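Just below is one structure, and these are the notes that go with it.
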Amino acid sequence: MYIVQIASECAPVIKAGGLGDVVYGLSRELEIRGNTVELILPMYDCMRYDHIWGLHDAYRDLWVPWYGGRVHCSVLCGWVHGRLCFFIRPHSQDNFFDRGVYYGCHDDVMRFAFFSKAALEFLHQSNKRPDIIHVHDWQTGLIPVMLYEIYQWHGMGHQRVCYTIHNFKHQGIGGVEVLRATGLNRPEHYFHYDRLRDNFNPFVLNFMKGGIVYSNAVTTVSPHHAWEAHYGDFGYGLGHTLHLYRDKFTGILNGIDYNIWNPEVDTYIPYQYAKDDMAGKAQNKKALRERLKLQDDPTKPLICFIGRLDEQKGMHLVHHAIYHALKNDAQFVLLGSATDRSIDTWFAHERDFLSTHPDVHLELGFNEELSHLIYAGADMIVVPSNFEPCGLTQMISLKYGTVPIVRGVGGLVNTVFDRDYDNLHEPEERNGYVFFQTDNYALESAMNRAIGLWRSYPEEFAKLRLQGMECDFSWNLPGEAYVELYEFIRDK
């Protein structure tokens, strides 16, 4: 099949979160399976150009209809670690992608509405006719709308769209100006409840809802999160829409790239290791302690948190985990950057307060190299998320023999199986600890069980590590599931 992925991120050239990793990893897996895959991305001024090989002009004069006029764009082409990527660069006084950031601008809705229009216009004008157009999150939610309402009448009637939602919380909310700008027009048509009108605000359009209504297949990034979004509160108001289109909605668990996240081949860690030779794990723990100036005490387990400092990640529980670890004679390492100024201030205060403590280190910001060393050196990782559509950190930690302690939401339920209480998996399949409530006592219970096993039954803890390392969360099974889905909608 010929597949085009259209997204706002692709790791490592454009990465703000897990979306970039998924777009790259899935594209690579699809190519391994014999498909032709191309990616269309915005050309941000702040992306990692050092990860692009052979960047050159691919389409110099792309004129994109916009507000009744046209915007001149260039399309550049290059390879990102083997993936063929097209980058759209508008020549406009709006400077859509020359902002020094990927997201967070006051006009993000219009920026990505333009990108969606430009991506379709590029496919149309360059005569590219993929079997499948796979689009991601709210930023590309208008693509299936415009394909069905406009471009199918201009030679693109056979293309099928798969729409993947990575985060229901951010849906893309716009007004009538989006219709005028993109050429959709007809507000009386699109402000209908059955199309783009937001489910709770009748005066705005919802990009994500449009993507659900108009696409041929809708996925989210884990089976359990699909259930949560459909039947619970994690659809953030789109539960009824998902129910109406339940026949085309499913959850496919993300994978991780074991060429990158694998202690056997990881070049970011000083000592490689494998499940049949774990000596390097202890050496990396010692190296991590030396780097972060923690005391090297063999009687203390090392617990970590790696991720965004964001309310989604359960910041009150992360904060409590630090002090509960210290209270129980364990060490704690945190690596993450805050998305909110108040959270940044809060954790900066904690960092300064604990700066001389020999058993804790808080690293505010993100450091790719350090994250690998923490995964390799830590004994346990806490992932106490309020919601977690899929989660990659727990999958990575399992591969590194770092036992996850997670809250039972979203993809965490599909990947971490409680050592003591999981009745759906055999004892040899269990790989971590799970708690369900959002209070401190629930977290403490899970942490106490993990610390207790490490301290009192080291052989059993070592066995649990190995069971986690044996889990396969590569892109193999997700890749197969997506190919089957593509074939199903292509042949409809």
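The values are calculated or read from the model by the stated rules, or taken from the named source; none is laboratory data. Nothing here was measured: the structure is a model prediction, and the numbers come from that model. Cβ coordinates were reconstructed from backbone atoms using ideal geometry, including for glycine residues, and neighbour counts include every protein chain displayed.
Quick notes
- Some residue of region 163-183 being under 30 Å from HIS224 (Cβ atoms), among the β-branched types (Val, Ile, Thr), crowded, with 23+ Cβ neighbours inside 10 Å and in contact (Cβ under 8 Å) with a residue 40 or more places away in the chain: yes
- Filtered by the rule that a residue be touching a residue at least 40 places away in the same chain (Cβ under 8 Å) and out of contact with any strand residue (DSSP E or B) (no Cβ under 8 Å at 6 or more places or on another chain), region 34-64 gives ASP45, CYS46.
- Against the test of being assigned to a strand (DSSP E or B) and in the same structural domain as GLU177 (by TED's automatic domain parsing), the options LEU41, LEU30, LEU26 yield a single qualifying residue, LEU41.
- Strands (runs of 3 or more DSSP E) fully within region 56-151 that include at least 3 residues being β-branched (Val, Ile, Thr): 69-80, 132-136.
- Subset of region 443-464 (residues that are free of Cβ contacts under 8 Å to residues at least 12 places away in the same chain and farther than 19 Å from GLY401 by Cα): SER445
- SER215 being touching a Cys at 6+ places or on another chain (Cβ under 6 Å) and at pLDDT 95 or above: no
- Of all residues in region 82-101, those that are more than 27 Å from THR36 (Cα to Cα) and small (Gly, Ala, Ser) have Cβ atoms under 9 Å from Cβ atoms of residues that are modelled with pLDDT of 95 or more and part of a strand (DSSP E or B), 6 or more apart or on another chain, in SER92/TRP66; SER92/VAL71; SER92/HIS72; SER92/CYS73.
- Region 241-262 residues that are within 26 Å of SER371 (Cα to Cα), paired with ones that are part of a loop (DSSP other than H, G, I, E, B) and at pLDDT below 95 (beta carbon under 8 Å, 6 or more apart): ASN254/LEU392; ILE256/LEU392
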